[in-house]
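The values are calculated or read from the model by the stated rules, or taken from the named source; none is laboratory data. Fair warning: this is a prediction, and the values are worked out from it, not measured in the lab. Note: ideal-geometry Cβ built from the backbone for every residue, glycine included; neighbour counts use all protein chains shown. Each accessible area value is taken on the protein alone, full model and side chains, heavy atoms only, with ligands, DNA and RNA left out. Shrake-Rupley method; radii C 1.70, N 1.55, O 1.52, S 1.80 Å.
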Amino acid sequence: MQEILINLEAGERRVAILRSKKLEWYFVERIAQKRIAGNIYKGKVSSVLNGMGAAFIECGLEKNGFLYVTDITAPAIIDEDDEFSSPENGNKPSRRRDQDAHVKISDMLKKGQDIMVQAQKEEIGTKGARLTTHISLPGRYLVVMPTSKRVGVSRKIKDEEERTRLKTILRELKLPKDIGLVVRTVAVGANKKELLRDAKYLIETYKRITDIAKKRPSPALIFEELDLSLKTIRDFVTEDTASVVVDDNQEYKKVKHFTSKIAPALRNKISLHRDHMPLFEKYKVETEIDKLFERKVYLKCGGHITIEQTEGMIAIDVNSGRFTGKKNLEDTIFKVNSEAADEVGRQLRLRDIGGIVVIDFIDMELQSHRNQVFSILRKVLVKDKARTHIVSMSELDIVEMTRQRVRRSLESVSYEECPYCNSKGMIKSGSTMVIIALRKLKTFLKTHRSRRQRVELIVHPRVAQRLVNEDAHSLDLLRKIFRKRITVVSNDALHIEEVDMKSI
């Protein structure tokens with residue numbers, strides 16, 4: 001059974017999803033920041049670039065969004081065995097067609113043209129939102145796709161009897177034939193009445209969107225995706241959910257009302273947290289969240305994994321740490337790698353890491369062990385709602401994979417680039433700074449040959465301590481050469497890499 005915790009405070013909305021008291025999902029949303037992924041805009045084409053096969057679309061956002069030719073020519077092709085989930089999870093299937101390479105986007109779009117688009121990805125770094133013309137509206141049980149005519153069932157629904165039952169219901173619904181539709185995984189066990197209600201709600205929503213688009217001038221936001229609390233109710237609350245606890249009264253009323261509309265049978269699972277102890281502290285989640293920002297993640301066996309994020313990729317290294325095992329080296333390594341594989345999948349979800357991921361497991365001798373570790377990793381990635389692609393383990397026990405990047409990672413939302421180390425994660429040592437300070441002082445003495453006899457060298461306390469002790473002889477030499485009185489001034493307000501000087 002899973003428990004869902006919704007916390008609202010200090011301008012931030014947070015959701016923690018626990019299974020067997022263990023944190024499995026964690027989401028954060030800054031209330032003041034605009035949400036983009038899933039939103040639908042009436043945009044205006046600002047530029048068309050044949051060389052890139054893309055167009056930039058003005059949507060009223062900080063940056064123009066970009067629209068690839070393949071997101072115009074290739075509608076979402078949904079086979080009955082294809083997985084699909086809502087755009088914010090990055091699982092919107094789109095298959096490139098060979099002829100797309102020969103299609104000029106300038107034959108399809110012109111500068112100044114109005115166009116209705118949906119954001120597939122948030123603005124990340126210097127990149128604008130990625131857009132598509134193929135609208136998809138996720139509901140609780142279904143996803144409606146007005147630009148596709150295919151009807152299918154999520155491939156995550158493995159039970160053939162259940163798949164047949166859902167397909168039969170779809171045929172009985174007698175929905176418009178020009179609208180595509182996919183049954184989501186959460187629909188397992190849903191009856192005809194529930195599916196019909198969901199379909200009608202989504203079709204009516206799309207009709208309202210098109211009506212608004214006709215009336216409003218571009219650029220304009222014409223449909224806004226649900227906030228984090230309501231998306232969680234839509235996508236995660238199932239019969240397997242023991243409780244949903246909300247710690248804000250207004251948020252509780254909103255969540256309760258929304259649940260009554262989309263899943264009335266589950267509304268009694270929603271409760272208001274009234275305890276004096278903060279919600280996340282009561283469920284011991286806060287300490288788990290703090291660990292998500294640490295480089296090292298310790299495993300139960302005593303080993304650990306190290307996660308290094310760069311702009312282009314994420315490197316994950318597995319280490320045995322203090323674990324020595326009880327049998328032999330190969331079994332010890334297999335134990336650590338097995339735990340690491342499971343934890344890697346969990347950490348990717350919790351930290352919302354996207355892009356290229358390289359996992360360096362400890363070298364294993366037996367191919368059977370490699371296969372089992374790889375199988376564990378694949379199994380845990382199935383839980384992920386973001387699209388992942390994993391390459392088989394190499395002879396060096398390295399696994400390469402990608403995870404769909406839809407939003408900024410948890411780390412990039414919570415941290416900013418260090419103005420001192422420029423994201424290197426390191427600063428110059430005290431001994432290095434002594435050398436730099438002496439070099440700068442020498443240059444200063446050469447270029448400032450005033451009559452003033454005293455010079456102050458202002459540095460961080462750690463540097464000052466070395467200058468007046470271990471490296472005092474270097475200062476004495478400069479005093480003799482330039483015939484100046486040099487005084488070292490310690491200033492703890494300075495960063496260790498800062499050096500200042502002045503003549504007095």
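Return yes when S229 is within 30 Å of K63 (Cα to Cα), among the small types (G, A, S), part of a helix (DSSP H, G or I) and touching a helix residue (DSSP H, G or I) at 6+ places or on another chain (Cβ under 8 Å) and no when it is not.
It is true that S229 is within 30 Å of K63 (Cα to Cα), among the small types (G, A, S), part of a helix (DSSP H, G or I) and touching a helix residue (DSSP H, G or I) at 6+ places or on another chain (Cβ under 8 Å).
Show the residue pairs meeting these rules: Cβ distance below 7 Å; 6+ apart or different chains; first residue within region 53-70 and over 16 Å from Q113 (Cβ atoms) and touching a residue at least 12 places away in the same chain (Cβ under 8 Å); second residue outside any strand (DSSP E or B) and among the polar types (S, T, N, Q).
From residues that are over 16 Å from Q113 (Cβ atoms) and touching a residue at least 12 places away in the same chain (Cβ under 8 Å), the pairs are T70/S94.
When you scan region 352-359, do you find a residue that is more than 30 Å from I6 (Cβ to Cβ) and open to solvent by 40 Å² or more (accessible area, probe 1.4 Å), even just one?
Scanning region 352-359, I find at least one residue that is more than 30 Å from I6 (Cβ to Cβ) and open to solvent by 40 Å² or more (accessible area, probe 1.4 Å), so the answer is yes.
Just need a number here: residues in region 173-211 that are of a type in the set (A, V, I, L, M, F, W, C), touching a residue at least 24 places away in the same chain (Cβ under 8 Å) and in a helix (DSSP H, G or I).
The qualifying residues number 8.
Here is a check on your reading of the model: is A213 of a type in the set (G, A, S), within 26 Å of L175 (Cα to Cα) and surrounded by fewer than 20 Cβ atoms within 10 Å (Cβ to Cβ)?
yes
I'd like to verify a number: residues in region 109-119 that are assigned to a loop (DSSP other than H, G, I, E, B) and open to solvent by 30 Å² or more (accessible area, probe 1.4 Å), how many?
Summing the residues that are assigned to a loop (DSSP other than H, G, I, E, B) and open to solvent by 30 Å² or more (accessible area, probe 1.4 Å) in region 109-119 gives 4.
Taking K207, is it on the phi > 0 side of the Ramachandran plot, surrounded by fewer than 20 Cβ atoms within 10 Å (Cβ to Cβ) and modelled with pLDDT under 95?
no
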